[in-house]
Amino acid sequence: MPFNLGLMEMIVIFLVVLLLFGAKRLPEIGTSLGKGIREFKSSVREIESSVRKEGELQPPRENTSTAQSSEAGEKTAPRRLTPG
């Protein structure tokens, strides 16, 4: 569902925000919003880099029970989760 905001709609939204918060508070709100977005982006980058490092350092592990049963030609029934 795309939102098509024209110039008039943006002006009305700005005026409502201006009336709600006042002219003094708008720069403070913008600054704090910018800092929050910047911190969020840096934390996302940090998490992505740590995930990449862990993926590069650790080789993929095989599930030994699956590997052993497939080598032996055994078929096992799927596990069922029981409540409790």
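Within the stretch 15-34, being open to solvent by 100 Å² or more (accessible area, probe 1.4 Å), among the hydrophobic types (A, V, I, L, M, F, W, C) and modelled with pLDDT of 90 or more holds for LEU19, LEU20, LEU33.
Residue by residue, here is whether (1) open to solvent by 90 Å² or more (accessible area, probe 1.4 Å); (2) out of contact with any Ser or Thr (no Cβ under 8 Å at 6 or more places or on another chain); (3) at pLDDT 65 or above holds:
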site: GLY36; (1), (2), (3): no, yes, yes
site: LYS41; (1), (2), (3): yes, yes, yes
site: ARG52; (1), (2), (3): yes, yes, yes
site: GLU56; (1), (2), (3): yes, yes, yes
site: THR66; (1), (2), (3): no, yes, no
site: GLU71; (1), (2), (3): yes, yes, no
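Please verify whether PRO78 is open to solvent by 80 Å² or more (accessible area, probe 1.4 Å), more than 18 Å from the chain's Cα centre (by Cα) and modelled with pLDDT of 60 or more, treating the condition exactly as stated.
Numbers: open to solvent by 80 Å² or more (accessible area, probe 1.4 Å): yes; more than 18 Å from the chain's Cα centre (by Cα): yes; modelled with pLDDT of 60 or more: yes.
In short, yes.
Taking first residues from the stretch 14-26 that are of a type in the set (Phe, Trp, Tyr) and partners that are open to solvent by 90 Å² or more (accessible area, probe 1.4 Å), the Cβ contacts under 9 Å between residues at least 6 apart in sequence or on separate chains come to PHE21/GLU28.
The values are calculated or read from the model by the stated rules, or taken from the named source; none is laboratory data. Everything numeric here is computed off the predicted structure, so don't read it as measured data. Glycine also receives a Cβ, built like all others from the backbone with ideal geometry; neighbour counts cover every protein chain displayed. When the accessible area is computed, the model is the full protein with side chains, heavy atoms only, and any ligands, DNA or RNA have been set aside. Shrake-Rupley method; radii C 1.70, N 1.55, O 1.52, S 1.80 Å.
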